[in-house]
Structures are given as C-alpha cells and as structure tokens.
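S.K.: Pasting in a structure now, in structure tokens, and then I'll have a few things to ask.
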Amino acid sequence: MLNIVLLGAPGAGKGTQAARLVEKYKLVHLSTGDMLRDEIARCSKHGIIAKQLINSGQLVPDSMVASMIAEKIKAHRASNGFIFDGFPRTIPQAEMLDSMLPEHGLCVTGMVALSAPEDELVRRLLSRGKCSGRADDQNEEIIRNRIAVYHEKTAPLVGYYAAQGKHVSAKGVGSVEEIFLTLCSAIDKFKQHGEL
Ligand code: B4P
C-alpha cells in the first residue's frame, strides 16, 4: 500500500494536488479540512468547536482530528492506500499516525512538502474566498495567522519525516500540471524504494 502525507502551508496546493493524485494512484483521499467542514455543516459536537477555531485561523485539537482519521483508516483498510491531505499538522498528530497505522499493518510511505511564497499563498486564498464562501479565506489577517501557525506547528514535521528518510520537498509554484508531475516522480521513487 502507498500512504502519502502531503504537507504545505494553507494555499500551497495540497487539496488541488491530492484530488489528482488519488485519481492516478487509486488512493483514498483523507482531508481533515474537508472532514471538519462536513462536521460544521452538520452542526455536530465537533463541528461547533471546529467552526470557531477554523474561522479564527487556529488548528483544532489533535485528539479531534486523530479520532476522525482513525475511523476513516479503519473503514478503508482494504484500499490501495491513502493520501493524507492536511494531516498530520503537528508533531503529536504525526506520532499518533505512526502509532495508528501499524495496527492495520501499514506505515507512512513518504511525505512531500509543497512550498510557495507567503504573498502567493495569501493571493490564492483570498481569490478562493471570493467564490468558496469559506470564512477562513476571506480575511487577510486570518490567512496570515494560519500561515504563522503553519510555520510554528506544522513546518517542524519536515524534520520529523526527514529523520525517518521519508521527506521530499517540491516547489508549489508553476502550473498545476507541472507540480503534479513533480509529485508523481517523488511518489514513484517512494514506491520503488518500498519495492526494493
Ligand atoms: P484545509 O482544508 O486543509 O485548508 P488549507 O490548508 O487552507 O487549504 P488547501 O491546502 O486544501 O488548499 P490548496 O492549497 O489546495 O484546512 C482548513 C482548516 O481546518 C485549517 O486551517 C485548520 O483550522 C483545520 N484543520 C484541518 N486539518 C487539521 C489538522 N490536521 N489539525 C488541526 N486543524 C486542522 O488551494 C488553495 C487555492 O490555491 C485554491 O483556490 C487553488 O485553486 C489554488 N492553487 C492551488 N495550486 C495552485 C497553483 N499551482 N497555482 C495557482 N493557484 C493554485
């Protein structure tokens, strides 16, 4: 099985690329952002807590996303593998994933970190906010706060996966197709390495 973590600041292109990668490699797309927006739409207990945090540019509690991901892994354990989009976002979440996967005979195959300059991230998110209606994409101050939270809490995951020999960096600027091809080549290398 192929289990890929996509890392990147808000707007780096994780969701955009994940949609293409799941199609090519026939994987299950696990986006904690999508799961949380679904909880919010259903006004669930998790959704009520998540709404306030997301709209102010904060992360939701680690335990909340970990339990959502655990359920999905269990439900799809017979699949070809997973694209983890926006999860893990903190070191404790990565540790939880590393302890959860072996219960199903799985492990993270590799992590790809997408990067783009901050002003480009802000421009993309403000532009998405105009049509998506996402409250967290409509205010520059909140977007910059999300990027700051990324640098503080999520970027250290590069070191976490590098220490396991599972990290590759990719430039998130250029056409969606060019970036997709770069990611495919990184993933194909992870696959070859796993097959050796
Ligand atoms: P997410 O839904 O993961 O949202 P995101 O990081 O803002 O965006 P995404 O990565 O999907 O967007 P993309 O770059 O593809 O999370 C939302 C919130 O949920 C978080 O802020 C947090 O509060 C909470 N949350 C989620 N997971 C969590 C976790 N694990 N722990 C705690 N909290 C969690 O695309 C952005 C835009 O850029 C799009 O409009 C796209 O069209 C454009 N774009 C993409 N690639 C481009 C390119 N190459 N050129 C030009 N534009 C491009």
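The values are calculated or read from the model by the stated rules, or taken from the named source; none is laboratory data. Note that the structure is predicted; figures quoted are calculated from it, not measured. Every residue, glycine among them, receives a Cβ derived from its backbone with ideal geometry; neighbour counts consider all protein chains shown. Surface areas here come from the heavy atoms of the whole protein model, side chains and all, with no ligands, DNA or RNA. Shrake-Rupley method; radii C 1.70, N 1.55, O 1.52, S 1.80 Å.
S.K.: In segment 92-114, what residues are in contact with a Leu (Cβ under 9 Å, 6 or more places away or on another chain) and open to solvent by 50 Å² or more (accessible area, probe 1.4 Å)?
M.R.: Cys107
S.K.: Then there's this: Pairs please, first residue from segment 87-113 and without any contact (Cβ under 8 Å) to a residue 60 or more places away in the chain, second anywhere and among the basic types (Lys, Arg) and open to solvent by 10 Å² or more (accessible area, probe 1.4 Å), Cβ atoms under 8 Å, 6+ apart in sequence or on different chains.
M.R.: His104/Lys74; His104/Arg77
Listed here are the residues, each with its yes/no results for (1) at pLDDT below 95; (2) within 14 Å of the ligand (Cβ to nearest atom); (3) crowded, with 18+ Cβ neighbours inside 10 Å.
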{"position": "Glu118", "(1), (2), (3)": "no, yes, no"}
{"position": "His167", "(1), (2), (3)": "no, no, yes"}
{"position": "Lys171", "(1), (2), (3)": "no, yes, no"}
{"position": "Ser175", "(1), (2), (3)": "no, yes, no"}
{"position": "Leu181", "(1), (2), (3)": "no, yes, no"}
{"position": "Ser185", "(1), (2), (3)": "no, no, no"}
{"position": "Gln192", "(1), (2), (3)": "yes, no, no"}
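S.K.: Go through segment 21-36 and report how many residues are free of Cβ contacts under 8 Å to residues at least 60 places away in the same chain and part of a helix (DSSP H, G or I).
M.R.: 6
S.K.: State all residues of segment 121-131 that are open to solvent by less than 50 Å² (accessible area, probe 1.4 Å), near the ligand (Cβ under 10 Å from one of its atoms) and touching a residue at least 12 places away in the same chain (Cβ under 8 Å); if no residue qualifies, say none.
M.R.: Matches in segment 121-131: Leu121, Leu125.
S.K.: Still on this structure, I have one more. Scan segment 132-151 for residues that are within 16 Å of the chain's Cα centre (by Cα), open to solvent by 50 Å² or more (accessible area, probe 1.4 Å) and of a type in the set (D, E, K, R) and report the count.
M.R.: Going through segment 132-151 one residue at a time, the tally reaches 0.
S.K.: Find the residue count for segment 147-196, including only residues that are within 27 Å of Asp136 (Cα to Cα) and among the hydroxyl-bearing types (Ser, Thr, Tyr).
M.R.: Counting residues in segment 147-196 that are within 27 Å of Asp136 (Cα to Cα) and among the hydroxyl-bearing types (Ser, Thr, Tyr) gives 4.
S.K.: Kindly indicate which of Ala50, Ala12, Ala70, Ala66 is assigned to a helix (DSSP H, G or I), within 20 Å of Arg128 (Cβ to Cβ) and within 14 Å of the ligand (Cβ to nearest atom). Reasoning before the result, please.
M.R.: On the way: Ala12 fails: assigned to a helix (DSSP H, G or I); Ala70 fails: within 20 Å of Arg128 (Cβ to Cβ); Ala66 fails: within 20 Å of Arg128 (Cβ to Cβ).
Of Ala50, Ala12, Ala70, Ala66, the one residue that is assigned to a helix (DSSP H, G or I), within 20 Å of Arg128 (Cβ to Cβ) and within 14 Å of the ligand (Cβ to nearest atom) is Ala50.
S.K.: Out of everything in segment 53-63 that is assigned to a loop (DSSP other than H, G, I, E, B) and near the ligand (Cβ under 7 Å from one of its atoms), what residue ends up being most open to solvent (accessible area, probe 1.4 Å)?
M.R.: Gln58
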